[in-house]
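This report concerns only the one structure given below.
Readers should treat all values here as calculations from the given coordinates under stated rules, not as data from a laboratory. Note that the coordinates shown come from a computational prediction; the quantities given were computed from them, not determined experimentally. Note that each Cβ is placed from the backbone with ideal geometry, even for glycine, and that neighbours are counted across all protein chains shown.
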Amino acid sequence: MFQGKALKVSLLPEGIAELTFDLQGESVNKFNLLAVSELQQVLDLLESTKDIKGLLVTSAKDVFIVGADIMEFGAVFASGPENITSHLATNNRNFCRLEDLPFPTVVAINGFALGGGLEFCLSCDYRIASTAAKVGLPETKLGIIPGWGGTVRLPRVAGLDTAVEWIAAGKENDADAALTARVVDAVVEPGKLRDAALNCLAQCIAGKFDYLARRTQKKGPLKLNFIESMMAFETSKAFVGAQAGRNYPAPVSAIKAMQKAADKGRDEALQAEAENFAKMAQTPVAQSLVGIFINEQMLSKKAKGWEKKADKKIERAAVLGAGIMGGGIAYQSALKGVPIKMKDIAQKGIDLGLSEANKLISKRVERKKLSPAEMGNVLNRIEPALSYDGFDQVDIVVEAVVENPKVKKAVLAEVEAKVNANTVIASNTSTISISFLAEALARPENFCGMHFFNPVHMMPLVEVIRGVKTSDNAVARTVAYANAMGKKPIVVKDCPGFLVNRVLFPYLAGFAMLVRDGVDFHRIDKLMETWGWPMGPAYLLDVVGIDTAVHAEKVMADGFPDRMKRDFTSCTDALFAAGRLGQKNEKGFYNYELDKKGKPAKVVAPEVVEILKPTMTGVVELSDEDIVARMMIPMATELTRCLDEGIVETAAEADMALVYGTGFPPFRGGVFRWIDSIGAQAFCDLANKFSDLGALYSAPDSLKTKAANNQKFYG
């Protein structure tokens, strides 16, 4: 009946039409402009064709519909509120026409139905899901709200509590959870999905299922009286607002849209949703979060491109050094299905590594993310070793021994003699030059850096560091291994601190100078957390370890003496001298006590004020804005230098490295997107205000050029 590039309509026996989604040239179905246009044509056809008794909706791909095409958002969002609501209206009309067809509609959800995909399903009369299906409305994670009826239909189909929970959290939900929540009507095995959907449609056609009553419920007001409505919405807004925080307004905005539409029919309710959507789409938060999503897609594509260049799939791995880090690497590898040898020189180290892996796996079992049987399988993929037996069979070895150049060089030379000529060796160093470490190797082309961030199981970023002699294949294999471990690899060039630490320590240098100038570190922590960081710089230093920070600061100072060498005793120097190492010995900028969950909780340490007094050279009066500026400018100028030098290839990769590796506030989109938001000229003016603080506060020439030409990092 219809054959397009996204949709197809076929006529089945007994008067049933089948609408199949199959977007050509894409691995998934999504509502791009093409699909929206073709859906209009399909609805014209269905409305005008006589003798159709029912509509079955299916997907020819492994997913149903993943939602709107987010790559099209930029142009739409930039076009202003009126054009945004007009853009939404086209598909809203489609979904309403689908909902109003003169015959029943049943959708077979075979995989992901997210965002606009689920909103399409909610427009159908019945929803039958495969056990493999995942459904949800993740729009709030992009700083927006559902725009094709999600806030209107979901509360009317599944109830207000479910709608608030699903939309505010933005999570994917499995088929059983969707059935319990009444979002879908049945769940069957994948092989039975089509027959189950057809059977449901037959029941509707025979009059056994009252699909018209469902439409009446979806198209009418919510069944809540005034008091119930007020209590439910006000309580939800307060709770969700506290959970989301003031930097993420979309979840509360979604509830406001539901509240405004609660006493209205479908068409008026959709208008209220569209107005709220347009408002959210214009916020800097939405622009940043959509930007992060697009950056993530680019990163994933780039990582897959590297993986395709690898000469072989990573089937066996090994890690040297079985401490907390080695145990974390072994756990992550085994969890994702890559068997790994975990070698140490002492049984004590092996025991520590196995204990770390066992602890992490046990937590997953407690949270019901793994069964006990699966736990056994994961543990069986970790092979503890005190010798190099079998190392000639591994595809990649990750060296994770103590951060000491002499030790690392000795270990790397030793393992190179035990592996085959094609094995890639990667060092998990956080500061030591990869090119320098490669001097110990006979095959430096097979060597690169693979910098994990602690804790390994939680931190998504892996820096893959290319040394002077590192081959493309070594990079490709290492990226492939990071992909297999479920990590986000970013390839960077070798330099002191690589990318993340090179940029993080100027930020911490800004902190040290503020404390030197008499600013209370408690105030700095609070301000930076308010700005969006997950923890302030003093707290971060305690988590990293004061001793680790002092060591890394020296590496940075030696590498970049013009910018990072200090001429004063810093707060971290004073704490290190006092034996306060941070969380590792429960004494740093703060003291640490175990909370009810057994995790270290920070408490104020009055004695630290006295320890830091000798390092303070005076008291400078600064506004909150000036403190934030003095913290952020060094990070931004250094990241710009890294981009200029080719340490990182693109602004997108640089921004994502800091989001993944340091917890940079996602709602700000990354350092470069933050500079774009305030303008390059405004940033240069701000840097110039503090130019007397040294070279870290000097805007690089490339930024000055952007300012002069009114250019941005992102088009």
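Some notes on this structure:
- When both bridge partners sit in the chain, DSSP labels roughly 30% of those beta bridges antiparallel.
- Estimated dipole of the chain in Debye, rounded to 20 [Cβ of Lys and Arg +1, of Asp and Glu -1, Cα centre]: 860
- Assigned charges on the beta-carbon of Lys, Arg, Asp, Glu; the range 277-348 dipole about Cα centre (debye): 220
- Near Asn591, once Lys and Arg are set to +1 and Asp and Glu to -1 for all other residues with Cβ below 10 Å from its Cβ, the sum equals -1.
- Degrees between helix 81-99 axis and first principal axis of the chain (Cα, 0 to 90, nearest 10): 50
- Cα gyration tensor category, rounded, prolate or oblate, for the chain with a/c compared to 1.5: prolate
- Tensor-based shape of the range 455-515 (alpha-carbon gyration tensor, a/c under 1.5 rounded, otherwise prolate or oblate): oblate
- Angle in degrees between helix 680-689 and the longest Cα principal axis of the chain, rounded to the nearest 10: 30
- Distance from the range 511-572 to the range 30-46 (C-alpha centre basis), Å: 55
- Nearest 10 degrees, 0 to 90: helix 250-261 Cα axis against the chain principal axis: 20
- Farthest toward the positive end of the dipole of the range 517-674, out of His522, Phe560, Pro614, is the Cα of His522, where the dipole comes from beta carbon charges about the Cα centre.
- Span from the the range 336-353 Cα centroid across to the the range 312-326 one, whole angstrom: 8
- Beta bridges by DSSP in the range 2-282, antiparallel share as percent, to the nearest 5: 30
- When peptides 294-307, 338-351 are sorted by average Cβ neighbour count within 10 Å, with the highest value leading, the order is 338-351, 294-307.
- Amide hydrogen neighbours beyond the local backbone of Met342, cut-off 5 Å, H modeled: Val319, Glu383, Ala385
- Comparing Gly353, Thr235, Asn32 along the charge dipole axis of the chain, the residue lying farthest to the positive side is Gly353, per the Cβ-charge model.
- Around Arg563: net Lys/Arg minus Asp/Glu count, Cβ-Cβ under 10 Å: 0
- Under the convention that each Lys and Arg Cβ holds +1 and each Asp and Glu Cβ holds -1, the size of the dipole of the range 557-660 around its Cα centre is about 660 debye.
- Rounded if a/c under 1.5, otherwise prolate or oblate - the range 154-311, Cα gyration tensor axes: oblate
- For the range 36-51, 3J(HN,Hα) per residue [Karplus equation, 6.51 cos²θ - 1.76 cosθ + 1.60, θ = phi - 60°, Hz, x = Gly/Pro]: 4, 5, 5, 5, 4, 5, 5, 5, 4, 5, 5, 6, 9, 8, 7, 6
- Cα lying deepest toward the dipole's positive end in the range 312-494, options Asn404, Val456, Pro372, charges on Cβ: Pro372
- Summary of packing: across the peptides 154-167, 573-586, 475-488, the per-residue average of other C-beta atoms within 10 Å ranks them, highest first, as 475-488, 154-167, 573-586.
- A protection proxy built from the mean count of other Cβ atoms within 10 Å ranks the segments 704-715, 197-208, 394-405, most packed first, as 394-405, 197-208, 704-715.
- For the range 2-282: relative contact order, % (alpha-carbon pairs under 8 angstrom, 6 or more apart): 17
- Relative contact order for the range 312-494: 21 percent, from Cα pairs under 8 Å spaced at least 6 residues apart, divided by residue count.
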